[in-house]
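Remarks on the structure that follows.
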Amino acid sequence: MQRYEYKVIAAPTRGLKAKGIKTAEARFSHALEAVMNEMAAQGWEYQRAETLPSTERSGLTSTTTKWRNVLVFRRPEVSSATPVTVTEAAPDEPKAEELPEITTPQTPQDDASHSAGASRMLHDNGVEELSDVSGVTTSLKQLAETRKPDKTDD
């Protein structure tokens, strides 16, 4: 069974200027085309576009939901059991490009110096961290104190 790895990137939000492209729609299409061609050149196959909710912080205590447009790509996964080999190409033909090995940083499981939230943050899965903050740092407390409105003006 074929296995795939996936890559999700933010869809362009602005058009891309180019010679002969005048309208906003054409510039936006050009920007999307450029992103898709760049990904295809890296071996990624376009799958679909998605609009997904993203819960984000708004101020110190509240959150808001924003909708994000993303593009989903996939390519066959290169397994460590079957190494990629580069065959000798004929002098007229370009050589096949060897794909770089992709590694994911491992989260330390037995290190007592990291809290659970810090351990989760060490592993970047490409999604914004939404876990609760365990405490307010002293620098944030000082910043909050300096920004408090003066009550003595009344």
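Per-structure values
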{"quantity": "Condition broken by Arg74, with the remaining ones in (1) without any contact (Cβ under 8 Å) to a residue 40 or more places away in the chain; (2) within 16 Å of the chain's Cα centre (by Cα) satisfied", "calculated": "(1)"}
{"quantity": "Any hit, the range 20-31, residues being within 30 Å of Ala144 (Cβ to Cβ) and in contact with a helix residue (DSSP H, G or I) (Cβ under 9 Å, 6 or more places away or on another chain)", "calculated": "no"}
{"quantity": "Qualifying positions in the range 1-33 - within 22 Å of Pro53 (Cα to Cα) and not small (Gly, Ala, Ser)", "calculated": "Tyr6, Lys7, Val8, Ile9, Pro12, Thr13, Arg14, Leu32"}
{"quantity": "Looking only at the range 33-58, and only at residues there that are farther than 30 Å from Ser79 by Cβ and touching a residue at least 24 places away in the same chain (Cβ under 8 Å), the one that is nearest to the chain's Cα centre (by Cα)", "calculated": "Ser54"}
{"quantity": "Test: Thr65 is in contact (Cβ under 8 Å) with a residue 60 or more places away in the chain, outside any helix (DSSP H, G or I), β-branched (Val, Ile, Thr) and farther than 24 Å from Gln2 by Cβ", "calculated": "no"}
{"quantity": "Filter result for the condition that a residue is hydrophobic (A, V, I, L, M, F, W, C) and loosely packed, with under 10 Cβ neighbours inside 10 Å, over Trp67, Trp44", "calculated": "Trp67"}
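We did not get these values from a lab; they are worked out from the coordinates using the rules stated. These numbers come from a predicted model, not from an experiment. Positions of Cβ are generated from backbone atoms using ideal geometry, with glycine treated the same way; all protein chains shown enter the neighbour counts.
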